[in-house]
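J.: Here's a structure for you.
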Protein chains: 2
Amino acid sequence: MADETTPIAVEAGAVPPSQRRGGYPEPFATRGTGRVRRQLGDAFGLTNFGVNLTRLPAGGASALRHAHTREGEFIYILEGEPVLVTNAGETLLRPGMCAGFKAGSGNAHHLINRTRHDVVYLEVIYPDDDLGRAIAPDGSRLFVHNDGRPY
Amino acid sequence: MADETTPIAVEAGAVPPSQRRGGYPEPFATRGTGRVRRQLGDAFGLTNFGVNLTRLPAGGASALRHAHTREGEFIYILEGEPVLVTNAGETLLRPGMCAGFKAGSGNAHHLINRTRHDVVYLEVIYPDDDLGRAIAPDGSRLFVHNDGRPY
């Protein structure tokens, strides 16, 4: 059964931002500049995949350009016009556009906000292979090997 | 490497609607009324989890009320004001609100559109346990046991 404290629904923008920069262990650490990420799935106990509401301020970037060998990722633009940088070059995105990155595809990517307005997007992250999620004693989310060992 | 035909990004609303009612095998078959679902993840070869852009017309429902024993699900409202029906009763949702349903929680749920305007939402579906995804020879997506046997 669902925990009695699990909400039925929440305002995504009212979920407290994550205090950690993505919670990734090295070598998955991200180094976003000014990025604010709200871990929406956590509010409902969804620990097998991550759903984040992420805001990039003017001049911000989602992370250093990176390729996922162990995660699939999907993004959906809600507000603003970021530039998606991939192996193929730059693509301007608008609200209602989406992009996906299959685990192991080797397609390095990141989002840059070159505008003077915030960019807001949903990102879905699906850990593959030997990357699982666990909840630490302090309630924070961390990545673990599939056998539960921490990175 | 990513298939060369994989797009970098797409307009979510321009992805052709699925011709099948969700692609679920029995007993997972859904019986939505008027629901139009666009399988966004498929455009990028993301077969391990599903991301759908779903439109419910006035008077439509997402499915019969159901609980997932084998899937986690997350929804994010983009347009309109559907009613989320769960074990706890009815909750009115607005754009920017989200809800999540952990696999095995036993919390039966569905969305109903009682308004005169369309409801549009993103849904993320994560198969757990013995429910995997495969691509059929005709290109359609289907659910399989983890060992690849079809349902």
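J.: Quick one: label points 7 angstrom along Cα→Cβ at A:Thr91, distances to the other copies in nm, smallest first?
T.: Values, ascending and in nm: 3.3.
J.: To the nearest 10 Å², what's B:Glu90's accessible area with a 1.4 Å probe?
T.: Around 110 Å² of this residue is reachable by solvent.
J.: Let me ask you something else. Quick one: if the Förster radius is 35 Å, what FRET efficiency do A:Glu79 and B:Asn87 give, using the C-beta to C-beta distance and rounding to 0.05?
T.: That pair, A:Glu79 with B:Asn87, gives E of 0.55.
J.: Same structure, new question: Using a 10 Å cut-off around each Cβ of peptide A:35-45, what is the average number of partner chain Cβ atoms that fall inside?
T.: Numbers: counts 0, 0, 0, 1, 0, 6, 7, 1, 4, 10, 6.
That average works out to 3.
J.: For the pairing of chain B with chain A, what total accessible surface becomes buried, with a 1.4 angstrom probe, in square angstrom to the nearest 100? All intermediate terms of the calculation are to be shown ahead of the outcome.
T.: On the way: alone 8590 and 8600 Å², together 13900 Å².
Interface area, both chains combined: 3300 Å², rounded to the nearest 100.
J.: If you take each beta carbon of peptide A:113-122 and count the beta carbons of other chains within 10 angstrom, what is the mean?
T.: Values: counts 0, 0, 0, 0, 0, 0, 0, 1, 0, 7.
Per-residue shielding by partner chains comes out at 1.
J.: Moving on. Given label points at 7 Å from Cα along Cα→Cβ, what nm distances, shortest first, separate A:Gly104 from the same residue in every other copy?
T.: Its label point is 2.6 nm from the equivalent points in the other copies.
J.: Once you put a point 7 Å from the Cα of B:Ala14 and another 7 Å from the Cα of A:Val36, both along the Cβ direction, what distance in nm separates them?
T.: Roughly 3.2 nm, to one decimal.
J.: What is the mean number of Cβ atoms from other protein chains located within 10 Å of the Cβ atom of each residue in peptide B:89-102, rounded to a whole number?
T.: Working: counts 1, 1, 3, 1, 3, 2, 2, 8, 7, 15, 7, 15, 5, 10.
Mean shielding count: 6.
J.: Could you pull the copy-to-copy label distances for B:Ala58, with points set 7 Å along Cα to Cβ, in nm to one decimal and sorted shortest first?
T.: Result for B:Ala58, in nm, nearest copy first: 4.2.
The values are calculated or read from the model by the stated rules, or taken from the named source; none is laboratory data. From a predicted model like this one, the values you see are computed outputs, not experimental measurements. Quick reminder, even Gly has a Cβ in these numbers, built from the backbone with ideal geometry, and neighbours come from all protein chains shown. SASA here: full protein model, heavy atoms, side chains in, ligands and nucleic acids out. Shrake-Rupley method; radii C 1.70, N 1.55, O 1.52, S 1.80 Å.
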